[in-house]
Structure formats: C-alpha cells, structure tokens
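J.: Mind having a look at this structure? Questions to follow.
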Amino acid sequence: QVQLVESGGGLVQAGGSLRLSCAASGRTFSESTMGWFRQAPGKEREFVGAIMWTGGTTGYSDSVKGRFTISRDNAKNTAYLQMNSLKPEDTAVYYCASKERTWYPNRVADYDYWGQGTQVTVSS
C-alpha cells in the first residue's frame, strides 16, 4: 500500500508561481514513477507530467511544457511540481500518482495509487 499526500496548493494571481509537493510512503519511492494530473470542474482528469523512477527523465503535456517542472528528492520520498507563469486555465485540483517502474505512464489508468488532491486557483 502506498500513501500519497499533496500540499502547496492555494490562490495565486496570473503570472505567479506555486510549488506543489507530494509526500510518499509505503513503497520504495526510488522505484516509483511519479505523475501529476489535474482536474478542473466539469472536466476529466488530465495528465500534467511525470518523472521516471530513474530520476533523470521527465515528460509533460503540451499545455504546461516550458512552464511546469517536475522533480523528486528520493531522500525525502517527495516529488515536486514547480508551476511558473500560471494562467487562469491552470485552475484545478492537482493530484499526484504513483506507478512502480513504468516508463512514461500518461493515463489515469496507468497509475496504482493517488493522493487526495490539492486545489490550485489562478485569478486573472
């Protein structure tokens, strides 16, 4: 069993930045690919990006590429989502997810475990 807890959400003005954290427990974090998703009201949950268990490779959706950066600290069992140049359309609940040793999982169904989500609201 894996537990994931997101934090760092909040209200920010357009153009601002936020950093989300995802603290993991229950499985060897260093063997987990960590993904970030988001879900806006009335919309399906969508892939934001992921960092592979190898640590050095990341992938992003086109909508956030160049603005968002995913990183991880295996010593702290934590993944991060740094969000810069935020736009009102980035407003959503953000979720982290975990999948053991999988290369670039980018679908909801690819992941085994999910956090509870953290709200990000970007005002115009």
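J.: State all residues of the range 87-101 that are surrounded by 20 or more Cβ atoms within 10 Å (Cβ to Cβ), within 20 Å of Gly42 (Cα to Cα) and touching a residue at least 60 places away in the same chain (Cβ under 8 Å); if no residue qualifies, say none.
T.: Scanning the range 87-101 gives Tyr94, Tyr95, Cys96.
J.: For the range 1-17: of the residues being open to solvent by 60 Å² or more (accessible area, probe 1.4 Å) and of a type in the set (A, V, I, L, M), which is farthest from Ala97 (Cα to Cα)?
T.: Leu11
J.: Does the range 18-38 hold any residues that are polar (S, T, N, Q) and open to solvent by 60 Å² or more (accessible area, probe 1.4 Å), and which are they? First the steps, then the outcome.
T.: Filtering the range 18-38 for residues polar (S, T, N, Q) gives 21, 25, 28, 30, 32-33.
Residue satisfying the conditions is Thr28 alone.
J.: Considering only residues that are loosely packed, with under 15 Cβ neighbours inside 10 Å, touching a strand residue (DSSP E or B) at 6+ places or on another chain (Cβ under 6 Å) and in contact (Cβ under 8 Å) with a residue 60 or more places away in the chain, which ones fall in the range 67-86?
T.: Gln82
J.: Which one is farthest from the chain's Cα centre (by Cα), of the residues in the range 109-124 that are open to solvent by 60 Å² or more (accessible area, probe 1.4 Å) and closer than 25 Å to Pro88 by Cα?
T.: Restricting to residues being open to solvent by 60 Å² or more (accessible area, probe 1.4 Å) and closer than 25 Å to Pro88 by Cα, the top hit is Ser124.
J.: Which of the numbered conditions does Ser30 fail, given that it passes all the others? Conditions: (1) without any contact (Cβ under 8 Å) to a residue 12 or more places away in the chain; (2) part of a helix (DSSP H, G or I); (3) not aliphatic (A, V, I, L, M).
T.: (1)
J.: Also, quick follow-up: Residues in the range 33-50 that are outside any strand (DSSP E or B) and among the charged types (D, E, K, R): how many?
T.: Result for the range 33-50: 3.
J.: Let me ask you something else. Go through the range 4-28 and count every residue that is touching a strand residue (DSSP E or B) at 6+ places or on another chain (Cβ under 8 Å) and at pLDDT below 95. Before you say what the answer is, go through the steps one by one.
T.: Keep residues of the range 4-28 that are touching a strand residue (DSSP E or B) at 6+ places or on another chain (Cβ under 8 Å), which gives 4-14, 16-27.
Filter again for at pLDDT below 95, leaving 25-27.
Count: 3.
J.: Six or more apart or on different chains, Cβ atoms under 9 Å: show the pairs whose first residue is in the range 102-120 and more than 16 Å from Ala79 (Cβ to Cβ) and whose second is among the acidic types (Asp, Glu) and open to solvent by 70 Å² or more (accessible area, probe 1.4 Å).
T.: Once the first residue is more than 16 Å from Ala79 (Cβ to Cβ) and sits in the range 102-120, its partners that are among the acidic types (Asp, Glu) and open to solvent by 70 Å² or more (accessible area, probe 1.4 Å) give Val108/Glu44; Val108/Glu46.
J.: In addition: If we scan the range 51-58, do we find a residue that is assigned to a loop (DSSP other than H, G, I, E, B), at pLDDT below 95 and surrounded by 15 or more Cβ atoms within 10 Å (Cβ to Cβ)?
T.: yes
The values are calculated or read from the model by the stated rules, or taken from the named source; none is laboratory data. On a predicted model such as this, the values are computed, not experimentally measured, just so you know. With ideal geometry, Cβ positions are generated from the backbone for all residues, glycine too; neighbour counts draw on all protein chains shown. Heavy atoms of the whole protein, side chains included, go into the accessibility calculation; ligands, DNA and RNA do not. Shrake-Rupley method; radii C 1.70, N 1.55, O 1.52, S 1.80 Å.
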